[in-house]
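The values are calculated or read from the model by the stated rules, or taken from the named source; none is laboratory data. The shown structure was predicted, so the numbers you read here are calculated from the model rather than taken from an experiment. Reconstructed Cβ throughout: ideal geometry from the backbone, glycine too, with neighbour counts over all protein chains shown. Surface areas here come from the heavy atoms of the whole protein model, side chains and all, with no ligands, DNA or RNA. Shrake-Rupley method; radii C 1.70, N 1.55, O 1.52, S 1.80 Å.
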Amino acid sequence: MKSDSIEPSVYLNPLQLAFKKAANKQNAIGMKAYMLNQFEFYGIKTPERDAIVISFLKTNRIPDEESLSSVIKWMWEQNEREWQYAAIDIFKSHQLLWKLRSIQLIQYCLTHKSWWDTVDGIGSDWLPKYFLIFPEKQIPITQKWNRSTNMWLQRSSILFQRSYKKKTNTQLLAEYIQQHQSSKAFFIQKAIGWALREYSKTHPEWVKSFVESQNLAPLSKREALKKITI
């Protein structure tokens, strides 16, 4: 680490104190159960957590990309799930520091402590922005993810375009779905349906035609056609 880089635990100490002050044991029990007992929680609900992070960021900015990476990794290693949620917000708020190599950190977060909540948060807040900044990486990276054996990378490759609307690369969407349409994994079947449902808001005819031409799982098909009335 560079001599002028920040120490993550020191930088994040005010946020840690705020999280501990706002902790609610009763909420934490319910949150942990909702996540199938996979993660610990402080028990801070989303609006309060968002307010805490926003307040923290007003006076605690990160100076360089190396420090940003160190901070996000430190947060990702913590037991309480609120740390990962806050990490998504903090990384998003420092887009000016993102580099081409930031994809390494993004993939690390997608493949560690993975569950739908963080994976889809990254898919919403990081991936579209990263590929907008570095468009030349979109196809090489997402193709690699789509062909990997990691379910969460597969899911991310299918869903990363869900906010693209008219800018959706339908050839890529179709290719990535076809690669996994026979998957038995719930989170892949759901991802296929969700990706198609979002695009149906822009081009329902394309989605309807695509669904009719494929052998999609019932869950995927049902999700894909939810918004189509034609």
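Numbers at a glance
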{"quantity": "Selection of trypsin sites (Lys or Arg not before Pro), segment 145-177, meeting DSSP coil and at most 11 other Cβ within 10 Å", "calculated": "none"}
{"quantity": "Segment 60-192: Cα Rg divided by the 2.2 N^0.38 Å rule of thumb", "calculated": "1.04"}
{"quantity": "Exposure ranking of His180, His112 by accessible area [1.4 Å probe, largest first]", "calculated": "His112, His180"}
{"quantity": "Chain lengthening between Asn169 and Asn13 when straightened (0.36 nm per residue, less Cα-Cα)", "calculated": "51.9 nm"}
{"quantity": "Pairs from Lys73/Lys221; Lys99/Lys227; Lys32/Lys73; Lys184/Lys227; Lys167/Lys227; Lys129/Lys166 whose Cα-Cα separation, in the structure shown, is over 27 Å", "calculated": "Lys73/Lys221; Lys99/Lys227"}
{"quantity": "Where labels lie 7 Å past Cα in the beta-carbon direction, separation of Ile139 and Ala23 in nm", "calculated": "5.0"}
{"quantity": "Rg in Å to one decimal, and Dmax rounded to a whole Å, for the chain via C-alpha atoms", "calculated": "19.0, 61"}
{"quantity": "Relative compactness, segment 77-147, computed as alpha-carbon Rg over 2.2 N^0.38 Å", "calculated": "1.08"}
{"quantity": "Glu40 long-range amide H proximity, modeled H, under 5 Å", "calculated": "Arg81"}
{"quantity": "Reachable aspartates and glutamates, given that their alpha-carbon falls under 12 Å from the alpha-carbon of Lys20 and they are not under 8 places away in the same chain", "calculated": "Glu80, Glu82"}
{"quantity": "Carbon + sulfur, % of accessible area of the chain - ligands and nucleic acids excluded, 1.4 Å", "calculated": "51"}
{"quantity": "Surface per residue (accessible, 1.4 Å probe) for segment 85-228, Å²", "calculated": "47"}
{"quantity": "Descending principal axes extents, segment 135-230, alpha-carbon based, whole Å", "calculated": "35, 30, 19"}
{"quantity": "For segment 12-135, the fraction of alpha-carbon pairs in successive 10 Å shells from zero, as %", "calculated": "12, 46, 33, 8, 0"}
{"quantity": "Relative pair counts by distance (%), Cα atoms of segment 1-42, 5 Å bins", "calculated": "5, 21, 16, 15, 14, 12, 8, 6, 2"}
{"quantity": "From phi via Karplus (6.51, -1.76, 1.60), per-residue ³J(HN,Hα) for segment 146-162 in Hz, x at Gly/Pro", "calculated": "4, 9, 6, 9, 8, 4, 6, 6, 4, 4, 5, 5, 6, 9, 5, 8, 5"}
